[in-house]
Number of protein chains: 2
Amino acid sequence: VTDVPAALLASLRAAVGSPHVLTDPELTEGFSTDWTGRFHGRAGAVVRPGTTDEVEAVVRACAEAAVAIVPQGGNTGLVGGGVPLHGEVVLSLTRLANLDPVDVAATQVTAGAGVTLAELQRHADRCDLTFGVDLAPRDSCTIGGMVATNAGGTNVVRYGPMRAQVMGVEAVLGDGSVVSHLHGLPKDNTGYDLAGLLTGSEGTLGIVTAARLRLVPRPAHRVTAALGFAAIPDAVAAVGVLRSMVTSLHAAELVLKDGVMLVASVLGLEPPPALLAPAALILEAASPTDPTEEMAAAVARLSTVGDPVVATTPDQRRRLWAVREGHGEAINRLGPPVKLDVSVPLGRVAEFVAGLSACLPPGAGLVIFGHLGDGNLHVNVTGVLTHEPNAEEVARAEAVEASILEAVVGVGGSISAEHGIGTAKVRYLHLCRTPAEIAAFRNIKQALDPAGILNPHALLPALA
Amino acid sequence: VTDVPAALLASLRAAVGSPHVLTDPELTEGFSTDWTGRFHGRAGAVVRPGTTDEVEAVVRACAEAAVAIVPQGGNTGLVGGGVPLHGEVVLSLTRLANLDPVDVAATQVTAGAGVTLAELQRHADRCDLTFGVDLAPRDSCTIGGMVATNAGGTNVVRYGPMRAQVMGVEAVLGDGSVVSHLHGLPKDNTGYDLAGLLTGSEGTLGIVTAARLRLVPRPAHRVTAALGFAAIPDAVAAVGVLRSMVTSLHAAELVLKDGVMLVASVLGLEPPPALLAPAALILEAASPTDPTEEMAAAVARLSTVGDPVVATTPDQRRRLWAVREGHGEAINRLGPPVKLDVSVPLGRVAEFVAGLSACLPPGAGLVIFGHLGDGNLHVNVTGVLTHEPNAEEVARAEAVEASILEAVVGVGGSISAEHGIGTAKVRYLHLCRTPAEIAAFRNIKQALDPAGILNPHALLPALA
């Protein structure tokens, strides 16, 4: 049933208790496939520790047996970083669900790796606070996974990504040592930034077991606006004006005419004319005091196409957001897309988008949307893959992917904005990281995971 | 004159040109002492490279010769981290003064390590932008030094410390390899956070040669307020209210009655009654739109002592800040103080301050002020040291320092908030970092500086 050595299984059972070591394929199957079904592997065993001490015991046992571990949170990743593709031991962190009382004076909280984002949000909300990162899979995704992948989302333009929320971590490093620095002091220059290093390391350096997280005031007032522009450069310039004039701007999302028309027809929505301009922004500001006036003053400075829409009621807001959020579903209706999550310097977004058509094979469609405030674009190519793709389609999809990622790098962009490298993008890492950088990464990996057991197929390419 | 081997000197001269290798004690003296005169050493040589390639050549030459390097920026540090105490080669980065045009779309700029903070500020100002970190030695301190020490200052409560401004670095690691990632993408999950790791590493892992820096909108409106409170816990609670209600709050400074009275008498100032309360806050908000109303609404919610002062003219503002900024000078008039830069969890500031008198020898005085928004306190003990302290006074000062730092750790604080560990606090690092953390630091150091030549006496204690 499993190729994990019997002696190791015995150690794992001793460490976490037999009920928390799963080897029955019926039970391990759910841990061996990601939620999209794109990444499918096989867990040698699934281990579900309930405390940091148990995580330590598991890591030490696996290190000694030289058996690889794939850490897993809510299993909502998009790049195969949490799926055991080669019979690894899955270390599921969902039982580390401890959530301390909110430290109201510091506006911080310590959360176990297994706490879901939605739980954290409800917890903060009870103290009139909120969390600076929000993601669609909030009911499943966990704090540990969000730290490990440096999760992003729509509010990065205001609060930064996950790394900006992490004030400290507790983690078990690859050598089994436990590091913990959860005081959450905003100013603390006593050594290297282990928390920042572990954030975004995709489980390759250590297993994050808890995090000290910054919370932010829950805004009482919110305003959403939709603005149309004649072309992408106007939308980019508008983001600059808005960022300088609207202190509480927390979302600046780009949609393009083709995408909006697709969403409208597939989902039966009726977008306002502003959103049917060649390029459009959906903006949101949220503040303790009403940001409507500030937003209106900024909007008045912009050269827009069609009448700007300023939504202040929840229903108006929902209708604008439905257009943005409907993109994923509308695209999927056209068949499985080739999906890329990239970021591009703001000054080069227009040039990048204009060049994309050259990356497409005949008959392919292109839908682009994204978090323009961060230069983060989600690029979707339709008409290349079918639901049961043959080898030729897969090869064509890979060629499109490689071609687009090269275009990204050509404008100084990043091949992974917020999803990470995982196992899916390892082969592309060299496109945007030099041999010297990758060598430094390897040296750091060797320093903290000397046995090389932590998520060995993720992030770093295998040595040639 | 120098104990740097002749062969190495020849290599250094070949690398950077003879005029930029100094060995004459008259010339090296200024690089061998810090500006306060507390740390005095001797440079084996001072090397002043003009390009990153030259830095690389210097590091490779020193690594090969196994000669230690102390990197130095503006030499404004406070913990002896940039002073050659043991005849090291000083690598002065001030000639790396290249400052790229501001990337207005991204609101970022790439600055060489030797650019001073004031130069950066003027450069940003010309584009209606500013830099999120400000420090008193702005005319001397350099970007490279600020990155290396993760500099803080009064605006951390809004913009975060230096690490939050650094979007990427170029650096020469201890093995001579050059890593560079200066695209400045706000979302970029392609590997480990080398920039964050190097920030605050005090030159022990790599030499930062350039940084990509976030700029922020230059606020058009500014309001400063002074509020008095009956006791420290009221001031702490007020900071919470202010942070939740005033989005653009960028400074929340604490002063205490003893300190304000000292400043008033020594410098001949007349502080408003609010600042003569047992505890007082000097607050500032700055925003594209006038924050006065938001500030007034928040202040109205607080239980203050005496009438709050809300200053809107530059002159009124200057008079309030003079009280805060006069603390350093007023304290120095009492003789050389024992100065500590610590941070404490906000919820425990009052308890920490109350306990400090037990740390003092008879006859000593205590003046505390600081950045309350970050829990960062500057603790000054007077009456212990004289200008030419004898051994007994030095021992007494060290005992006071150790006692206060233990009190800091006792409330979960940090022994170095914004100044770093340098060489001065190495012996205290174990107070707030566990053996496992220090071991992880050592492993990272070994990974990036395998020959151990970069600032070997700073940050990490020598192995026993």
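Picking from A:V157, A:V147, which residue would you name as being part of a helix (DSSP H, G or I), within 30 Å of A:R243 (Cβ to Cβ) and within 8 Å of chain B (Cβ to nearest Cβ)?
A:V157
Counting only strands (runs of 3 or more DSSP E) that fall entirely inside the range A:287-406 and contain at least 2 residues that are surrounded by fewer than 14 Cβ atoms within 10 Å (Cβ to Cβ) and within 14 Å of chain B (Cβ to nearest Cβ), no element qualifies. Counting the residues of the range B:191-226 that are touching an Asp or Glu at 6+ places or on another chain (Cβ under 8 Å), more than 8 Å from chain A (Cβ to nearest Cβ) and in a loop (DSSP other than H, G, I, E, B) gives 2. Per the conditions (1) over 22 Å from B:E170 (Cα atoms); (2) facing another protein chain (nearest Cβ under 7 Å), the sole criterion not satisfied by A:A462 is (2). Looking across the range A:241-268, the residues that are modelled with pLDDT under 95 and assigned to a loop (DSSP other than H, G, I, E, B) come down to A:V246, A:T247, A:S248. Take the residues in the range A:446-464 that are surrounded by 22 or more Cβ atoms within 10 Å (Cβ to Cβ) and not in a loop (DSSP other than H, G, I, E, B), then tell me which one is nearest to the chain's Cα centre (by Cα). Looking at the filtered set, the residue picked out is A:L454.
Please work out which residue is surrounded by the fewest Cβ atoms within 10 Å (Cβ to Cβ), limiting yourself to the range B:75-94 and to residues that are of a type in the set (V, I, T) and away from chain A (no Cβ under 14 Å).
Our first condition is that a residue be of a type in the set (V, I, T); within the range B:75-94, this holds for B:76, B:79, B:83, B:89-90, B:94.
This time we only want the ones that are away from chain A (no Cβ under 14 Å), so: B:76, B:83, B:89-90, B:94.
On the way: B:T76: 23, B:V83: 28, B:V89: 28, B:V90: 24, B:T94: 20.
My answer is B:T94.
Would you call B:A106 touching a Gly at 6+ places or on another chain (Cβ under 7 Å), more than 18 Å from B:T204 (Cα to Cα), within 14 Å of chain A (Cβ to nearest Cβ) and not acidic (D, E)? Yes; evaluated as a whole, the condition is true for this residue.
A quick yes/no check of all residues on (1) within 23 Å of A:L99 (Cβ to Cβ); (2) surrounded by 23 or more Cβ atoms within 10 Å (Cβ to Cβ); (3) in contact with an Asp or Glu (Cβ under 6 Å, 6 or more places away or on another chain):
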site	(1), (2), (3)
A:L22	no, no, no
A:G30	no, no, no
A:R42	no, no, no
A:A45	no, yes, no
A:E56	yes, no, no
A:V59	no, yes, no
A:A68	no, no, yes
A:G73	yes, yes, no
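Restricting B:I438, B:I421 to those that are at the interface with chain A (Cβ under 10 Å from one of its Cβ atoms) and in a loop (DSSP other than H, G, I, E, B) reduces the list to B:I421.
Could you please let me know if B:V179 is under 17 Å from B:I69 (Cα atoms) and either surrounded by fewer than 24 Cβ atoms within 10 Å (Cβ to Cβ) or touching a helix residue (DSSP H, G or I) at 6+ places or on another chain (Cβ under 6 Å) (or both)?
Working: under 17 Å from B:I69 (Cα atoms): no; either surrounded by fewer than 24 Cβ atoms within 10 Å (Cβ to Cβ) or touching a helix residue (DSSP H, G or I) at 6+ places or on another chain (Cβ under 6 Å) (or both): yes.
No: the conditions fail for B:V179.
For the residues B:T28, B:T76, the requirement of being assigned to a loop (DSSP other than H, G, I, E, B), in contact (Cβ under 8 Å) with a residue 24 or more places away in the chain and not small (G, A, S) singles out B:T76. Looking at B:E202, B:E253, just one residue is more than 30 Å from A:R442 (Cβ to Cβ) and not hydrophobic (A, V, I, L, M, F, W, C), and that residue is B:E253. In the range A:109-130, is there at least one residue being among the hydroxyl-bearing types (S, T, Y), facing chain B (nearest Cβ under 10 Å), within 26 Å of B:T434 (Cα to Cα) and not in a helix (DSSP H, G or I)? Checking the range A:109-130: not a single residue is among the hydroxyl-bearing types (S, T, Y), facing chain B (nearest Cβ under 10 Å), within 26 Å of B:T434 (Cα to Cα) and not in a helix (DSSP H, G or I).
Would the range A:75-86 turn up any residue that is over 27 Å from A:D341 (Cα atoms) and either within 26 Å of the chain's Cα centre (by Cα) or among the small types (G, A, S) (or both)? Looking for residues that are over 27 Å from A:D341 (Cα atoms) and either within 26 Å of the chain's Cα centre (by Cα) or among the small types (G, A, S) (or both), one finds none in the range A:75-86, hence no. With the structure loaded, tell me whether B:L12 is crowded, with 16+ Cβ neighbours inside 10 Å, modelled with pLDDT of 95 or more and either at negative phi or over 23 Å from the mean Cα position of the chain (by Cα) (or both) or whether it fails that test. Judged against the criteria, B:L12 is a match. Only residues that are more than 30 Å from B:E253 (Cα to Cα) and under 12 Å from the mean Cα position of the chain (by Cα) were counted in the range B:144-194, giving 0.
Within the range B:181-190, not a single residue is outside any loop (DSSP other than H, G, I, E, B) and either out of contact with any Phe, Trp or Tyr (no Cβ under 8 Å at 6 or more places or on another chain) or of a type in the set (S, T, N, Q) (or both). Right, A:D290: touching a His at 6+ places or on another chain (Cβ under 6 Å), farther than 21 Å from B:R214 by Cβ and at pLDDT below 95 or not? Answer is yes for this residue.
Looking only at residues in the range A:254-264 that are touching a residue at least 40 places away in the same chain (Cβ under 8 Å) and over 18 Å from A:E351 (Cα atoms), which one is surrounded by the fewest Cβ atoms within 10 Å (Cβ to Cβ)? Spell out the reasoning first.
As a first pass, look at the range A:254-264 and keep what is touching a residue at least 40 places away in the same chain (Cβ under 8 Å): A:254-256, A:258-260, A:262-264.
Still in the list and also over 18 Å from A:E351 (Cα atoms): A:259-260, A:262-264.
Numbers: A:G259: 24, A:V260: 26, A:L262: 20, A:V263: 27, A:A264: 17.
Within the range A:254-264, the match that is surrounded by the fewest Cβ atoms within 10 Å (Cβ to Cβ) is A:A264.
Looking across the range B:411-445 at every residue that is out of contact with any helix residue (DSSP H, G or I) (no Cβ under 6 Å at 6 or more places or on another chain) and free of Cβ contacts under 8 Å to residues at least 12 places away in the same chain, the one that is surrounded by the fewest Cβ atoms within 10 Å (Cβ to Cβ) is identified as B:P435. Looking only at the range B:223-246, decide whether some residue is in contact (Cβ under 8 Å) with a residue 12 or more places away in the chain, surrounded by fewer than 24 Cβ atoms within 10 Å (Cβ to Cβ) and over 30 Å from A:T289 (Cα atoms). No, because not a single residue in the range B:223-246 is in contact (Cβ under 8 Å) with a residue 12 or more places away in the chain, surrounded by fewer than 24 Cβ atoms within 10 Å (Cβ to Cβ) and over 30 Å from A:T289 (Cα atoms).
In the set B:A63, B:A97, B:A106, which member is in a helix (DSSP H, G or I) and surrounded by fewer than 24 Cβ atoms within 10 Å (Cβ to Cβ)? Walk me through how you get there before you give the answer.
Working: B:A97 fails: in a helix (DSSP H, G or I); B:A106 fails: in a helix (DSSP H, G or I).
Just one listed residue meets the conditions, B:A63.
For the range B:295-334, which positions are basic (K, R) and under 30 Å from B:G363 (Cα atoms)? Please lay out each step first, then the result.
Of the range B:295-334, the ones basic (K, R) are B:301, B:317-319, B:324, B:333.
If the condition is that a residue be basic (K, R) and under 30 Å from B:G363 (Cα atoms), then B:R324, B:R333 are the ones that fit.
Just to be sure, is A:R301 under 16 Å from A:F229 (Cβ atoms) and in contact with a Phe, Trp or Tyr (Cβ under 9 Å, 6 or more places away or on another chain)? Don't jump to the end; show me each part of the working.
Working: under 16 Å from A:F229 (Cβ atoms): yes; in contact with a Phe, Trp or Tyr (Cβ under 9 Å, 6 or more places away or on another chain): no.
Judged against the criteria, A:R301 is not a match.
The values are calculated or read from the model by the stated rules, or taken from the named source; none is laboratory data. Just so it is clear, the model here is predicted, and its values are computed rather than measured. Cβ atoms come from the backbone with ideal geometry, glycine included; neighbour counts cover every protein chain shown.
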